[in-house]
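I have placed the structure first, in the form of structure tokens, so that the comments after it can refer back to it.
Each reported figure results from applying straightforward, stated rules to the coordinates on display, with no laboratory input. Computed from a predicted structure; not experimentally measured. Neighbour counts are summed over all protein chains in view; Cβ atoms, including those assigned to glycine, are modelled from backbone coordinates with ideal geometry.
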Ligand code: HPA
């Protein structure tokens, strides 16, 4: 199979048919990607039915603690949603196309709003672990691109990236934060390949480049969403101060634990956001 057919729009259509047959998907108001430690939101989805990734053509097992590996259909705040609990990270050895392939499947299932979440290290010094950061823009520092190769029928060849994070949805997130009284930060997410956390020198470089938070996901998804003209929004949960910002060594257990503490705030904010779509 060529690069594009394995994880492209035709494969996504076929996967969507399989999922429709299993879950009877109705047009969702949003598709939600749940990041490390943020999978608890899945428990808030009512009347939910799910398919394990193993049963979706082109999907892979997820082996990272805090990532469950299922596609869920149900309602949040009374609105129809799809959710992905678990994603394919490039640091697991997946190509950028594969990392973003689930977004193509969500699009094929009728989603036109994509909401992504992730765990990230805080670069801006005013950020504290547990903060929720609205993603205003991103830096693709993965040195890979999910659109590399033949252009897909759903995509623009040269997508505009002047507003990959929808100003309309950012405004809705801010309104939702205000309404629920949940404090939010906002900033620029830098996506790196991982899997090692950054060195202090790299974090200083990222700060110079304009990054406020750093993580190992999300960017391929946002690029593919942009190429398909989906509206995209996202929240980074700041799980730790990035390397060198604090002296503490970093570890994944801490990332998952901070996620667990933020789970309720995150779920409340996302539900309010979904109710406004
Ligand atoms: N760096 C990269 N990815 C991360 C971090 C970090 O400090 N924290 C959570 N994900």
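Mean residue ellipticity at 222 nm from the helices of the chain, using -39,500 (n - 2.57) per DSSP H segment of n ≥ 4 over the full residue count, to the nearest 500 deg cm²/dmol? Walk me through the numbers before you get to the answer.
On the way: 7 runs with 90 residues, N = 277.
Value at 222 nm, helices only, nearest 500: -10500 deg cm²/dmol.
For the stretch 232-271, what is the Kirkwood estimate of the hydrodynamic radius, computed as the reciprocal of the mean inverse distance between distinct Cα atoms, to one decimal in Å? Show your work: numbers first, answer last.
On the way: mean 1/r = 0.0872 Å⁻¹.
Here the Kirkwood hydrodynamic radius works out to 11.5 Å.
Normalised by the empirical 2.2 N^0.38 Å for globular proteins, what value does the Cα Rg of the stretch 162-224 take?
Details: Rg = 14.1 Å, N = 63, 2.2 N^0.38 = 10.6 Å.
Rounded to two decimals, the normalised Rg is 1.33.
Mind ordering 118-129, 16-27 by average Cβ neighbours within 10 Å, highest first?
Working: 118-129: 21.3, 16-27: 15.1.
Per-residue Cβ counts within 10 Å, averaged per peptide and sorted highest first, yield 118-129, 16-27.
How far, in nm, would the chain grow between residue 276 and residue 163 when pulled straight, counting 0.36 nm per residue and subtracting the alpha carbon separation?
On the way: separation 113, 0.36 × 113 = 40.68 nm, distance 2.06 nm.
Gain in length upon complete extension: 38.6 nm.
With contacts defined as alpha carbon pairs under 8 Å and 6 or more residues apart, what's the relative contact order of the chain in percent?
Numbers: 602 pairs, mean separation 74.1, N = 277.
Across the chain, relative contact order equals 27 percent.
When the Kirkwood hydrodynamic radius is evaluated over all pairs of different C-alpha atoms of the chain, what value in angstrom, to one decimal, is obtained?
Details: mean 1/r = 0.0543 Å⁻¹.
With all distinct Cα pairs of the chain included, I get 18.4 Å.
With Rg and the Kirkwood Rh both taken from Cα atoms, where does Rg over Rh land for the stretch 115-237? Please list the in-between numbers first.
Numbers: Rg = 14.8 Å, Rh = 15.0 Å.
Radius of gyration relative to Kirkwood radius: 0.98.
Expressed in nm to one decimal, what extension gain is obtained for the pair residue 6 and residue 247 from 0.36 nm per residue of sequence separation less their Cα-Cα distance?
Values: separation 241, 0.36 × 241 = 86.76 nm, distance 4.31 nm.
Computed gain between residue 6 and residue 247 is 82.4 nm.
Please report the antiparallel percentage of DSSP beta bridges with both residues in the stretch 129-240, rounded to the nearest 5. Write down the numbers at each step before the final one.
Details: 3 of 14 bridges.
Counting DSSP beta bridges with both partners in the stretch 129-240, the antiparallel share is about 20 percent.
Can you tell me what share of the DSSP beta bridges in the chain is antiparallel? A percent to the nearest 5 is fine. Don't skip to the end; give the middle numbers.
Values: 17 of 47 bridges.
That works out to approximately 35 percent antiparallel.
Kirkwood-based Rg over Rh for the stretch 140-192 (C-alpha set), two decimals?
On the way: Rg = 15.6 Å, Rh = 14.1 Å.
Value, to two decimals: 1.11.
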